[in-house]
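Written out below as structure tokens is the structure these notes cover.
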Amino acid sequence: MRIAALAGGIGGSRFIRGLLAHLASTHPDGSGGTTAEVTVIGNTGDDIWVHGLRVCPDLDTVMYTLGGGISAERGWGREGETFTAKAELASYGVEPTWFGLGDKDIATHLVRTASLAAGYSLSEVTAALCTRWQPGVQLLPMSDDRAETHVVVDDPNGAMDDSGRPLQIAIHFQEWWIRYRATLPAHSFAIIGIETATPAPGVLEAITNADLIIFPPSNPVVSIGTILAVPGIADAIRSAAAPVIGVSPIVGGAPVRGMADACLRAIGVETSAAAVATHYGARTNGGFIDTWLVDEEDAGIVEVVSDLGISCRAIPLLMTDVAATARMAAECLQAVNS
């Protein structure tokens, strides 16, 4: 089986870890290996340059999580991390003080930045980094080109335009997400460079040749939505022969993790599993998904989603541990097979 998954950071990486655990548990010879080929197409819209280093938060979260190096408590960054360099930079008053790089994590960014400066593509660098972590998947950036998410907000300093209205400015997504915790109401999202970006090598092939395409429970706006915005990817998914299954990141009207509600609000989408399914849309009607999984708490919307032309099923969606997530992934595959 060839599986292609679009993924953001924590939610996507944890789901894929459970998927790999399930595939390993069902291997015919009981070896713990897997006959499936899993390709993860990672969001790079969150990428940012910090202290001269290229940081790819979502790619690294997938790589660390699947490679066994993620901080279990935080869900991002390295286990056993220290922040000595961050503290020293802050003592010099060097900005941004709101974005902290761990000491172990800096090594990854140093390797990436030096390799990019030497002329290697982000795809090539990501593959090289994965030789250490052995994530068990082929990890591809959505694009080797710049496609950087910014958020249009009212100037947090209270500046006004010539008409006396709050001045709207664009700030980097990471500043909105981390520094302001998405509390500044977003007017819109702007992905700088997306118009001329192209899918990274292997991305379209992974989608076209897949037996199954998965939208894990990642942010539908600034993770999955950003990947779909890369020219060519949306069309490839719409025309793919494989079924497309989506897993709701919303349970009981609230994000399982993170601040997806602030992102959905910015694009006029209600924070509910049904609304996100409507946002993605049925492939039979020009959308993206064939099957939508919701939590048992949202079982009442199954018929609503089905009326959209999307097969819908309610299963336990809380990824409390790897075993629970593996069971969730098994339900996901069963839903497709049925």
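The values are calculated or read from the model by the stated rules, or taken from the named source; none is laboratory data. Since the model is a prediction, treat every value here as computed from it, not as a measurement. Cβ: placed from backbone, ideal geometry, glycine included. Neighbour counts: every protein chain shown.
Screening segment 140-154 for residues that are of a type in the set (Asp, Glu) and part of a loop (DSSP other than H, G, I, E, B) and picking the one that is farthest from residue 202 (Cα to Cα) gives 145. Filtering segment 307-326 to residues that are within 24 Å of residue 70 (Cα to Cα) and β-branched (Val, Ile, Thr) leaves 320, 322, 325.
The set of residues in segment 58-73 being among the charged types (D, E, K, R) and touching a residue at least 12 places away in the same chain (Cβ under 8 Å) consists of 58, 60.
Taking only segment 288-303 into account, find how many residues are polar (S, T, N, Q) and in a helix (DSSP H, G or I).
We begin by selecting, within segment 288-303, every residue polar (S, T, N, Q); these are 291.
With in a helix (DSSP H, G or I) added as a condition, the list becomes none.
Residues flagged as polar (S, T, N, Q) and in a helix (DSSP H, G or I) within segment 288-303 amount to 0.
Checked against the criterion of being in the same structural domain as residue 100 (by TED's automatic domain parsing), in contact with a His (Cβ under 7 Å, 6 or more places away or on another chain) and of a type in the set (Val, Ile, Thr), segment 51-59 contains one or more residues that satisfy it. Taking segment 306-337 as the range and being without any contact (Cβ under 8 Å) to a residue 12 or more places away in the chain and more than 20 Å from residue 14 (Cβ to Cβ) as the test, the residues that pass are 306, 307, 337.
Filter segment 285-295 down to the residues that are surrounded by 13 or more Cβ atoms within 10 Å (Cβ to Cβ) and of a type outside the set (A, V, I, L, M, F, W, C) and list them by number. First the steps, then the outcome.
Here is the first cut: in segment 285-295, the residues surrounded by 13 or more Cβ atoms within 10 Å (Cβ to Cβ) are 287-295.
Correct list: 287, 290, 291, 295.
Screening residue 235 with (1) more than 27 Å from residue 320 (Cα to Cα); (2) in contact (Cβ under 8 Å) with a residue 60 or more places away in the chain gives one miss only, at (2).
Return the total of residues in segment 218-241 being part of a loop (DSSP other than H, G, I, E, B) and either more than 12 Å from residue 194 (Cβ to Cβ) or touching a strand residue (DSSP E or B) at 6+ places or on another chain (Cβ under 7 Å) (or both).
We begin by selecting, within segment 218-241, every residue part of a loop (DSSP other than H, G, I, E, B); these are 218-223, 230-232, 240-241.
Keeping just the survivors that are either more than 12 Å from residue 194 (Cβ to Cβ) or touching a strand residue (DSSP E or B) at 6+ places or on another chain (Cβ under 7 Å) (or both) gives 218-223, 230, 232, 240-241.
Summing the residues that are part of a loop (DSSP other than H, G, I, E, B) and either more than 12 Å from residue 194 (Cβ to Cβ) or touching a strand residue (DSSP E or B) at 6+ places or on another chain (Cβ under 7 Å) (or both) in segment 218-241 gives 10.
Residue 303 meets all of the listed conditions (1) surrounded by fewer than 17 Cβ atoms within 10 Å (Cβ to Cβ); (2) in contact (Cβ under 8 Å) with a residue 12 or more places away in the chain; (3) not β-branched (Val, Ile, Thr) but one, namely (2). The residues of segment 251-270 that are in contact (Cβ under 8 Å) with a residue 60 or more places away in the chain and part of a helix (DSSP H, G or I), listed by number, are 262, 263, 265, 266.
Within segment 115-131, the set of residues being part of a helix (DSSP H, G or I) and surrounded by 11 or more Cβ atoms within 10 Å (Cβ to Cβ) comprises 115, 116, 122, 123, 124, 125, 126, 127, 128, 129, 130.
Filtered by the rule that a residue be in contact with a helix residue (DSSP H, G or I) (Cβ under 6 Å, 6 or more places away or on another chain) and farther than 17 Å from residue 58 by Cα, segment 117-159 gives a lone residue, 151.
For residue 182, indicate whether it is over 19 Å from residue 45 (Cβ atoms), among the hydrophobic types (A, V, I, L, M, F, W, C) and in a loop (DSSP other than H, G, I, E, B).
Numbers: over 19 Å from residue 45 (Cβ atoms): no; among the hydrophobic types (A, V, I, L, M, F, W, C): yes; in a loop (DSSP other than H, G, I, E, B): yes.
So residue 182 fails the test.
Please work out if residue 78 is basic (Lys, Arg) and surrounded by 17 or more Cβ atoms within 10 Å (Cβ to Cβ). First the steps, then the outcome.
Numbers: basic (Lys, Arg): yes; surrounded by 17 or more Cβ atoms within 10 Å (Cβ to Cβ): yes.
Here the answer is yes, as residue 78 does meet what is asked.
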